[in-house]
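To start, the structure under review is shown below, and the notes come after it.
The values are calculated or read from the model by the stated rules, or taken from the named source; none is laboratory data. Just so we're clear, the structure is a prediction, and the values are computed from it rather than from any experiment. Cβ coordinates were reconstructed from backbone atoms using ideal geometry, including for glycine residues, and neighbour counts include every protein chain displayed.
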Amino acid sequence: MKKTIKEQKSVLIILLSNIFIAFLGIGLIIPVMPSFMNIMHLSGKTMGYLVAVFAVAQLIMSPLAGRFVDRYGRKKIIIIGLFLFGVSELIFGLGKNVSVLYLSRILGGISAAFIMPGVTAYVADITSVKERSKAMGYLSAAISTGFIIGPGIGGFIAEYGVRMPFYVAAAIAFLACISSIFILKEPLTKEQLAEISANTKQTNFISDFKRSLNPLYFIAFIIVFVLAFGLSAYETIFSLFSDHKFGFTPQNIAAIITISSIFGVVVQVFMFGKIVDILGEKKLIQLCLIAGAVLAVASTAITSFLAVLAVTCFIFLAFDLLRPALTTFLSKAAGKEQGFVAGMNSTYTSLGNIVGPAMGGILFDINIHYPYLFAAIIMVIGLSITVMWKEKQLGESLAK
């Protein structure tokens, strides 16, 4: 019988810290983007590509990393990911030209591909089905906090130098790597790993991607893509939009994102379970997509600091509630294939993180409002896809 979450508090804290650090690094670059644009004379398109290349590397490595998690164990893959992440942040901090920055983001993407499925599978292994949604809610809160508060922390630390946020992130990553080596224990025995590996056919990215088209997973994966696209497009352009339209400083941007993050995470941690009980996962997902689309459009019309803060708070909350609903569904539907499903979850997240910033940067150069309008359209498309998500199919998959 598996231990309760309360009995495994120290292990969960380490796991949540690891995933928080990984997503913190993704967001750290955002508040200093206007500074980099000015110093290196870069276009919005180039800055969008700089964010997107992280996701390209993650996309390529995610299916392979999912296999490694099932074959070699959760702990080893998490530790390797943390080490690579620390190296990538250090390189970015030292980088003096665009090519070095690209190299850093590629290494960062590879590290995220290792950390995300490793931690997700680990949490699934040590929790019962009954407590899975609560654990995934905590995991999602850590992801959201890292991804959304990253720009906030980056903005404040940047007062001591534009490159300082990356040195701090590298130091924290190496510290997390060392602590994981000594505190984490592999949740599965060698025999269990061998059994999972033997039952899983040796496949490549194409065959893994085809398996993800299974109706059991596919619609959920599509919504994962929509979520990643919407959040990355919104957040990548947010600092540039705020700088160009309102003249906000990095500290203004950091304050907005930090407050929004705290608001979203508090609601997620304390109310997510109750909201799912009342609405059910499908209705919650649809409600979040509707709210995201409406608020993305509203972002183009607001003018005051308080209005920007209010809209940002609620659009991040919509994303914060959407992620754990999807992650919990996929985890329960996965059965013994936690590594594969976590890897493909990361793959679809990466696809969204590639298209979102790249399209956002291109559209920003045309009109600063276009990225938000395009994000709203994508979320409406995602909403229409959920209509095909049959309640019976969802119920059967969750009962497995």
Name the single residue, out of those in segment 74-121 being among the small types (Gly, Ala, Ser) and in contact with a Leu (Cβ under 6 Å, 6 or more places away or on another chain), that is modelled with the lowest pLDDT.
GLY95
Restricting to segment 284-307, give me the number of residues that are part of a helix (DSSP H, G or I) and farther than 22 Å from ILE377 by Cβ.
3
Taking the conditions exactly as written (buried (at least 19 other Cβ atoms within 10 Å of the Cβ) and under 20 Å from the mean Cα position of the chain (by Cα)), does ALA142 satisfy them or not?
yes
Output yes when any residue across segment 255-267 is buried (at least 24 other Cβ atoms within 10 Å of the Cβ) and touching a Cys at 6+ places or on another chain (Cβ under 6 Å), and no when none is.
yes
I'm told MET388 meets every condition in (1) at pLDDT below 80; (2) part of a helix (DSSP H, G or I) except one. Can you identify the failing condition by its number?
(2)
When restricted to LEU213, LEU193, the only residue modelled with pLDDT under 85, of a type in the set (A, V, I, L, M), out of contact with any Cys (no Cβ under 7 Å at 6 or more places or on another chain) and in a loop (DSSP other than H, G, I, E, B) is LEU213
Residues within segment 271-287 that are touching a residue at least 40 places away in the same chain (Cβ under 8 Å) and within 21 Å of the chain's Cα centre (by Cα), tallied:
8
Does GLU186 meet the test of being part of a loop (DSSP other than H, G, I, E, B), of a type outside the set (Ser, Thr, Tyr), at pLDDT 70 or above and out of contact with any Asp or Glu (no Cβ under 8 Å at 6 or more places or on another chain)?
yes
